[in-house]
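Novice: Have a look at the structure that comes next, please.
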Ligand SMILES: Cc1cc2nc3c(=O)[nH]c(=O)nc-3n(C[C@H](O)[C@H](O)[C@H](O)COP(=O)(O)OP(=O)(O)OC[C@H]3O[C@@H](n4cnc5c(N)ncnc54)[C@H](O)[C@@H]3O)c2cc1C
């Protein structure tokens, strides 16, 4: 039986980057990537954006997977268990031994209580989900999106751009105001309303009866042609319970080297990773951070000393509008919104330290803010316009 130098579980950005960086660091082969997904590695962000806006859904290949020459990739293969003592994973009755392991199983959409098992509700995580959603959208005139997080908002606008009459229902009175503050929430609301979307905030779904009768807790009943549930995700790690790995809120606990234990790493949405710059665990669900973590994990598996120390963040595209966010993302106790010409910047602070920035048409603030957050600058440095330490010093010295 072959013992693989590295087994990677998951073909999302974390898994692909892990395999690529392992090869780049001359890790010992052979390398095996196991993934439950039926499709070769692809980009998830377009699924709620350009790929949903019309025409046939398109798969955007993950270009980083081009560098995986020589990696054995098994699609449509779900790993059921990992045996740390035997140093083997089990998939479909087969025990596959490894020297090193990177766990990158990501996350899957959360479901709501009170939804009939045979209700026609769509979710959006995989390319197969997009195909089902686009097929339903092709026959629909009205759509109800449940949830006003970024994926819900992006998908709602994409469905509106396809010509559907879209309503967004959310327990939040203003989209994302709890997480990003009232001013940012008002901006997101404007972007949705500007695309003709009806917002019903401050209501909960009390039940969805098959096929698509949606009951709200304010007594309203809606009968849309299409229902998309976008109420967040949960780590895909139930199969790791009892493995001996430490899980926190479903995420595999790893240090700043992405290491869970000797030769075992985890990265991406399924990892609870200690960020070296923040000095604490920073759970994130962002594409580029999953990639960065994957690279660190792959390098670590190959024996190199890499660390996750960057400020996490993401860009969200709502229609043609871009929101950019760089933040530790684990809470703030003050914020300041600064209006920009045709744009907005919101600065976030905690205990007097700058912990995040959100921008809309204010790229300078975004770039400055990202560096100030990494430097743990005082909160006031953001709104005041301070430059990050080290910026411009070379110029001054000539
Ligand atoms: C529609 C959509 C839009 C998004 N847009 C953005 C965006 O604009 N910007 C941004 O920063 N982030 C965005 N994200 C979030 C981003 O895609 C995720 O943070 C990222 O994909 C996480 O990467 P990952 O590798 O950890 O996990 P995933 O991408 O979830 O990949 C996990 C992989 O593991 C596999 N797997 C799971 N369990 C098993 C198992 N037991 N055995 C074998 N394989 C398994 C899965 O099949 C999958 O291949 C978006 C997400 C979605 C769904």
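The values are calculated or read from the model by the stated rules, or taken from the named source; none is laboratory data. Please read all numbers here as calculations on a predicted model, not as lab measurements. Using ideal geometry, Cβ is built from the backbone for each residue, glycine included, and neighbour counts are taken over all protein chains shown.
Novice: Restricting to region 308-323, name every residue that is assigned to a strand (DSSP E or B) and under 23 Å from residue 255 (Cβ atoms). I'd like the intermediate steps shown before the answer.
Specialist: Within region 308-323, the subset assigned to a strand (DSSP E or B) is 313-318, 321-323.
Within region 308-323, 313 is the sole residue that qualifies.
Novice: Restricting attention to region 309-318, does a residue exist that is outside the structural domain of residue 149 (by TED's automatic domain parsing), closer than 20 Å to residue 274 by Cβ and surrounded by fewer than 16 Cβ atoms within 10 Å (Cβ to Cβ)?
Specialist: For region 309-318, residues outside the structural domain of residue 149 (by TED's automatic domain parsing), closer than 20 Å to residue 274 by Cβ and surrounded by fewer than 16 Cβ atoms within 10 Å (Cβ to Cβ): present.
Novice: So if I check each of 297, 301, 290, 327, which one is touching a strand residue (DSSP E or B) at 6+ places or on another chain (Cβ under 8 Å) and within 12 Å of the ligand (Cβ to nearest atom)? Outline the logic, then answer.
Specialist: Values: 301 fails: within 12 Å of the ligand (Cβ to nearest atom); 290 fails: touching a strand residue (DSSP E or B) at 6+ places or on another chain (Cβ under 8 Å); 327 fails: within 12 Å of the ligand (Cβ to nearest atom).
Exactly one of 297, 301, 290, 327 is touching a strand residue (DSSP E or B) at 6+ places or on another chain (Cβ under 8 Å) and within 12 Å of the ligand (Cβ to nearest atom), namely 297.
Residue by residue, here is whether (1) within 28 Å of residue 382 (Cβ to Cβ); (2) touching a residue at least 40 places away in the same chain (Cβ under 8 Å) holds:
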{"site": "265", "(1), (2)": "no, yes"}
{"site": "292", "(1), (2)": "yes, yes"}
{"site": "295", "(1), (2)": "no, yes"}
{"site": "301", "(1), (2)": "no, yes"}
{"site": "320", "(1), (2)": "yes, no"}
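Novice: Scan region 274-283 for residues that are touching a residue at least 24 places away in the same chain (Cβ under 8 Å) and out of contact with any strand residue (DSSP E or B) (no Cβ under 8 Å at 6 or more places or on another chain) and jot them down.
Specialist: Within region 274-283, 276, 277, 278 meet the criteria.
Novice: In addition: I need the full set of residues from region 124-140 which are assigned to a helix (DSSP H, G or I) and either within 12 Å of residue 164 (Cα to Cα) or assigned by TED's automatic domain parsing to the domain that holds residue 52 (or both), in order please. Don't jump to the end; show me each part of the working.
Specialist: Taking region 124-140 and keeping what is assigned to a helix (DSSP H, G or I), we get 127-139.
Result: 134, 136, 137, 138, 139.
Novice: Going residue by residue through region 356-371, is there one that turns out to be touching a strand residue (DSSP E or B) at 6+ places or on another chain (Cβ under 7 Å), farther than 24 Å from residue 150 by Cα and either in the same structural domain as residue 49 (by TED's automatic domain parsing) or crowded, with 17+ Cβ neighbours inside 10 Å (or both)? I'd like the intermediate steps shown before the answer.
Specialist: If we filter region 356-371 for residues that are touching a strand residue (DSSP E or B) at 6+ places or on another chain (Cβ under 7 Å), which is where we start, we get 356-362, 365-366, 369-370.
In the following step, the residues that additionally are farther than 24 Å from residue 150 by Cα were identified as none.
The answer is no, given that none of the residues of region 356-371 is touching a strand residue (DSSP E or B) at 6+ places or on another chain (Cβ under 7 Å), farther than 24 Å from residue 150 by Cα and either in the same structural domain as residue 49 (by TED's automatic domain parsing) or crowded, with 17+ Cβ neighbours inside 10 Å (or both).
Novice: If a residue has to be without any contact (Cβ under 8 Å) to a residue 40 or more places away in the chain and either crowded, with 17+ Cβ neighbours inside 10 Å or not in a strand (DSSP E or B) (or both) to count, how many in region 333-342 make the cut?
Specialist: The initial filter retains those residues of region 333-342 that are without any contact (Cβ under 8 Å) to a residue 40 or more places away in the chain, namely 333, 339-342.
Narrowing further to those that are either crowded, with 17+ Cβ neighbours inside 10 Å or not in a strand (DSSP E or B) (or both): 333, 341-342.
The total comes to 3.
Novice: What residue, among those in region 25-56 that are over 20 Å from residue 300 (Cβ atoms) and away from the ligand (no atom under 12 Å from the Cβ), is surrounded by the most Cβ atoms within 10 Å (Cβ to Cβ)? Working first, answer last.
Specialist: First, the residues of region 25-56 that are over 20 Å from residue 300 (Cβ atoms): 35-56.
Narrowing the set further to residues that are away from the ligand (no atom under 12 Å from the Cβ) leaves 53-56.
On the way: 53: 18, 54: 15, 55: 9, 56: 8.
Only one residue tops the list, namely 53.
Novice: Can you tell me which residues in region 81-126 are in contact with a helix residue (DSSP H, G or I) (Cβ under 7 Å, 6 or more places away or on another chain) and within 14 Å of the ligand (Cβ to nearest atom)?
Specialist: 81, 82, 102, 103, 104, 105, 106, 107, 122, 123, 124
Residue-by-condition table, conditions (1) touching a residue at least 12 places away in the same chain (Cβ under 8 Å); (2) within 16 Å of the ligand (Cβ to nearest atom); (3) surrounded by fewer than 22 Cβ atoms within 10 Å (Cβ to Cβ):
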site: 246; (1), (2), (3): yes, no, yes
site: 250; (1), (2), (3): yes, yes, yes
site: 254; (1), (2), (3): yes, yes, no
site: 272; (1), (2), (3): yes, yes, yes
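Novice: Of the numbered conditions (1) within 12 Å of the ligand (Cβ to nearest atom); (2) touching a helix residue (DSSP H, G or I) at 6+ places or on another chain (Cβ under 7 Å); (3) assigned to a loop (DSSP other than H, G, I, E, B); (4) under 30 Å from residue 85 (Cβ atoms), residue 283 fails exactly one; give the number of that condition.
Specialist: Going through the list (1) within 12 Å of the ligand (Cβ to nearest atom); (2) touching a helix residue (DSSP H, G or I) at 6+ places or on another chain (Cβ under 7 Å); (3) assigned to a loop (DSSP other than H, G, I, E, B); (4) under 30 Å from residue 85 (Cβ atoms), residue 283 breaks only (2).
Novice: Still on this structure: In region 28-40, which residues are part of a loop (DSSP other than H, G, I, E, B), out of contact with any helix residue (DSSP H, G or I) (no Cβ under 6 Å at 6 or more places or on another chain) and touching a residue at least 40 places away in the same chain (Cβ under 8 Å)?
Specialist: So the first thing to find is which residues in region 28-40 are part of a loop (DSSP other than H, G, I, E, B), and the list is 28-30, 35-40.
Next, from what is left, pick out any that are out of contact with any helix residue (DSSP H, G or I) (no Cβ under 6 Å at 6 or more places or on another chain): 28-30, 35-38, 40.
Result: 28, 29, 30, 35, 36, 37, 38.
Novice: Still on this structure, I have one more. Could you tell me whether region 59-80 includes any residue that is surrounded by 15 or more Cβ atoms within 10 Å (Cβ to Cβ), within 15 Å of the ligand (Cβ to nearest atom) and part of a helix (DSSP H, G or I)?
Specialist: Yes, that holds for at least one residue.
Novice: Within region 159-176, track down each residue that is assigned to a strand (DSSP E or B) and buried (at least 22 other Cβ atoms within 10 Å of the Cβ). Before the answer, list the steps.
Specialist: Keep residues of region 159-176 that are assigned to a strand (DSSP E or B), which gives 165-170.
Listed by number, the residues that qualify are 166, 168, 169, 170.
Novice: Among the residues of region 1-27, which ones are part of a helix (DSSP H, G or I), over 11 Å from residue 73 (Cβ atoms) and touching a strand residue (DSSP E or B) at 6+ places or on another chain (Cβ under 8 Å)? Walk me through it before giving the result.
Specialist: In the first step, residues of region 1-27 are kept if they are part of a helix (DSSP H, G or I); the result is 13-24.
Then keep just the ones that are over 11 Å from residue 73 (Cβ atoms); that gives 13-14, 17-18, 20-24.
Hits for region 1-27 are 14, 18, 22, 23.
Novice: What are the pairs, 6+ residues apart or on separate chains, where a residue within region 147-174 that is free of Cβ contacts under 8 Å to residues at least 40 places away in the same chain and outside the structural domain of residue 206 (by TED's automatic domain parsing) has its Cβ under 6 Å from a residue that is part of a helix (DSSP H, G or I) and surrounded by 24 or more Cβ atoms within 10 Å (Cβ to Cβ)?
Specialist: So the pair list comes out empty.
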